[in-house]
Each structure stands twice: as structure tokens, then as C-alpha cells.
Amino acid sequence: MKFFQVKSVEETFRLIQEKIKPLKTTETVSLWHSRGRVLAEDIYVKESVPAFRRSSVDGYAVLAEDTFGASESMPAFLNMIGEVKMGVHVQVALQAGEAMYVPTGGMLPNGANGVVMIEHCEETANLVNVYKQIAPYENVIQPGEDLSEGNLLLEKGTKLRAQEIGALASQGIYEVSVMKKPVVAYISSGDEIVPFETQNLKLGEIRDMNALTIGTLTEEWGCHFLYGGIVKDDERELERRAKELLEKADCLVLSGGSSVGTKDYSVDIIHSLGQPGVFVHGIAVKPGKPTILSMADEKPVIGLPGHPASALIIYKLFGSAILHRLEGKCNESFMRTEAFSTKKIASSPGRTDYVRVRLVQRNQKLYAEPIHGKSGLISTLVESDGILEIPSQKEGIEKDEKVSIIRFL
């Protein structure tokens, strides 16, 4: 195994797209329990929405031609013949010179081809004074204008949010086929790592905080997290535990033991878990260069750095991309925003840098304040709202330069 055949960030994302395929297992769930799930099939419109012409405003249904020339000083006078009730089919056909009150969403009577907003009218006795002319079909939603029968409603791979679920409900759909939630197994490794519940640490021991940060992110992304515990620096035990967990999971994550060192045999273990094996060992990124990505018989394996900040950032960047591929998501990406850097930040060309930042609103602009600190510092994670990306082709950024921020949610 050759060490550190470093890939760029762009190459790494491309390899993830090439190597990792969506899971084939699906399940059917009630629409009530579909939030955050990923559609396993295309959904087409069964019924046009709306099914009838309806008003987009509160106002009066009219023949638009009857309002031509109407103004504040010379209103059009129309006979008021009634009102539309919500959910009731209108039997009366509107004739020239007539008007009928219609609420927002109400059905237009036959003959009407426009709606004058209520604030541009005045009703007196049986007359409606219209003070503004309208164009034909103004303030009218036509049948099928929202959703048209036979059109694609939602694409396979769509993550279901409230608005998509509402659209499905509008079609009378009460259950949907969704992708299985990936199961992500996790192991922490290292002689110094102890359970995070440990109250009295011995000198040199470190609580397993990575299990919590990685597990929380995994569940935030809609996946199941399987905690495999801590393995000391024992090559055979790590290999045994890794194989055991990989059989139960769709993806395996190892934290620690990914850099070059006397006990860093995790790359060899990962490579031995299945074919085709390791396809990334080292990414031109700071922090997180000693990252391992592998495929073990169609199951991705991720080797994360042990430092908490490095592990979190790498998992946020590449772990999310891998799990989104497994779920078949087509509309998921980083929560990005733009901000202005409060400081000049140096960077080495040929390497993508990710700088932890605090976001501050000033004078109606969003600013990113760099939080400086070594990669393993917990405090820098707690204080940060996201990471500022410095592309590999740049030698840094200037103060007040507009930059791209990947948000921590």
C-alpha cells in the first residue's frame, strides 16, 4: 500500500460520485412519517391543480372587457348578482355588465375572465363601482396552472420536506416508496481513547467525543448510527471488529490511525475489508489531509483523522457526500452562504483550506470572523458557525473579500 497518494478536493468528490452507488433497498412509509426521507421513484401528477379556474385574490369576478377605461375619476358600474361560496360549484353564468364577489381560491363563475381586487372596488346597494381596469385573466389561476396532469411532480432522489409532502397530499397520495436509511457503523481507535462518560481521566487519556459528533451528524442526515465502541491499538482486534460491523452496516467509519506512523495500520485494514479497496489516501486539504476512503464490496469505508475538528470537518465535507450518494439524494448539498472576511488569511496554493469562522451581521452585511486555533482544539468548534473555504488555486484571501461559507446547522 502506497501512502498519501494525495487527491484534490475536486478529485475526491468526483471519485465519490463514480465509486459509490445508491442502495437498492426501498420501503413504503406513510406520508405522515416521510419527512426527510428520499423518494425511491418518480412521482407524476395524477390530477391537475387547480381542477377549476379560481381567484388568486379577494375581489369581484367580472368580464375584463367591462373594466376597460375604468379609473378613480371614471369608475365602471357593474350589477352585483351574488357571491361565490368556497367549495360550492357556481351554477350562475356571468353576463356582460355583471359582477360577483369571489374570495381567494374561490371558483370563478362561467363567463368571468378576470378578478378585480376588492381594494379597487366599492359596493353600494346592488352596484359595484370598479376604479381600476384589469387585463383578461388577471388575478386568475387557470386549471392545471399549478400542477398539470401527467407532468413530473417529484423526481426520484428528492428529499421530502414539508412542501414536497404537501404536494403529494394534494394528489391524494398517502404513502410513498422511499430509500432505505443507510446504517453507518463507527469505531474509535487508539490506546488513549476512553468512553466519553468517563469521569476521572488518567493522565494522557482522551474522552471519545468524536463518536458523539460523528453520530450526531449521521443522524442529522437521516441515517441510522451504530456505535461500535473503542478499539485499542491492536491490529487484529481492529480488523476483527471492522469486519464484524461492516456486515451489519452500509458504511463503516473509523476515527484515528489514518496518518503515517508506527501504529497507523488502519489503511491496510481498510484496504483488506473488500474490493476494490482504498481509492483515496490523503486529500489536499487543511485540516484533514490523512483521510482514507475505500470501497469494500460496494460498501464505503471512511478513515477519519483523530483530531476532533479535523474529523468533524472531513466528515461534514466527504462523509455527507458519501451518505447522500448511498441514499440516492438528488437535491442535497451543503448549506452555503456568502460573507465578507474580516481579516486577511494566508493559504498555500495547491491545497484547499477550511477555516473555522464566526458569522456576524454588521451594517446589513454578513461577515466571517476567522477563529484561529490548532486543529484539535474543541473550543474552536464550539465557537464556529461554519467553515470558510479557500480554493486550492488561491494563495489566500484579502480583508473584506467575499467568500464562500459552509454552514454548521
- Message: For the chain, set up a GNM with springs between Cα atoms under 10 Å and report which of 11, 119, 47 has the largest fluctuation.
- Response: 119
- Note on the structure: Taking placed amide H atoms and a strict 5 Å upper bound, the residues 5 or more places from residue 156 or on another chain that come that close are 42, 43
- Hey, in the GNM for the chain with a 10 angstrom Cα cutoff, which one of 357, 102, 88 fluctuates hardest? 88
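Starting from the residue with the highest accessible area, list 92, 62 in decreasing order, probe 1.4 Å.
Details: 92 75, 62 0 Å².
Sorted descending by solvent-accessible area, the residues read 92, 62.
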- Note on the structure: Among 346, 249, 211, the residue with the largest mean-square fluctuation in a Gaussian network model of the chain built from Cα contacts under 10 Å is 346
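Order 384, 379 by their accessible area, 1.4 angstrom probe, all chains in place, largest first.
Correct descending sequence by accessible area is 379, 384.
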- Considering only protein heavy atoms, what is the solvent-accessible area of residue 227 at a probe of 1.4 Å, reported in Å² to the nearest 10? 90 Å²
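Just want to confirm a number: the relative contact order over the range 266-409, from Cα pairs under 8 angstrom separated by 6+ residues, in percent.
RCO, the range 266-409: 23 percent.
For the chain, what does -39500 (n - 2.57) per DSSP helix run (n ≥ 4), summed and divided by total residues, give at 222 nm, in deg cm²/dmol to the nearest 500?
On the way: 8 runs with 73 residues, N = 409.
Computed ellipticity for the chain at 222 nm equals -5000 deg cm²/dmol.
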- Query: Of the peptides 292-299, 74-81, how do they stack up when ordered by the mean number of other Cβ atoms within 10 Å, highest first?
  - Reply: 292-299, 74-81
- Can you spot the lysines whose alpha carbon is less than 16 Å from residue 344's alpha carbon? Ignore those fewer than 8 places along the same chain. 394, 399, 402
- Item | For residue 194, residues with placed amide H under 5 Å, excluding near neighbours | 206, 207, 208
- Item | For the range 385-390, 3J(HN,Hα) per residue [Karplus equation, 6.51 cos²θ - 1.76 cosθ + 1.60, θ = phi - 60°, Hz, x = Gly/Pro] | 9, x, 10, 8, 9, 10
- Message: Order 141-153, 213-225, 306-318 from most to least packed using the mean count of other Cβ atoms within 10 Å.
- Response: 306-318, 213-225, 141-153
- Note on the structure: Restricted to the range 186-313, the DSSP antiparallel beta bridge percent, nearest 5, is 45 percent
- Note on the structure: Between residue 348 and residue 407, Cβ-based FRET efficiency (R0 22 Å, step 0.05) works out to 0.35
- Mean accessible area per residue over the chain (1.4 angstrom probe, all protein chains present, square angstrom) is 50 Å²
- Provide the solvent-accessible area of residue 63, counting protein heavy atoms only and rolling a 1.4 Å probe, rounded to the nearest 10 Å². 40 Å²
- Task: Taking H placed 1.01 Å from N in the peptide plane, check which residues at least 5 places from residue 146 or on another chain put their amide H under 5 Å from its amide H.
- Result: 49
- Query: Quick one, which of (1) 73, 51, 41; (2) 60, 58, 48; (3) 93, 50, 42 is the actual Cα extents along the principal axes in Å calculated for this model?
  - Reply: (3)
- Task: Under 28 Å between C-alpha atoms is the cut-off here; go through the range 217-330 and count lysine pairs that meet it, provided they're at least eight residues apart or on different chains.
- Result: 29
- Note on the structure: Carbon and sulfur atoms account, in whole percent of the 1.4 Å probe accessible area of the chain, for 50 percent
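The values are calculated or read from the model by the stated rules, or taken from the named source; none is laboratory data. Every value quoted in this text rests on a predicted model; they were computed, and no experiment measured them. Note that we place each Cβ from the backbone using ideal geometry, even for glycine, and neighbour counts take in every protein chain shown. Areas reflect the complete protein model, heavy atoms only, side chains present, ligands, DNA and RNA absent. Shrake-Rupley method; radii C 1.70, N 1.55, O 1.52, S 1.80 Å.
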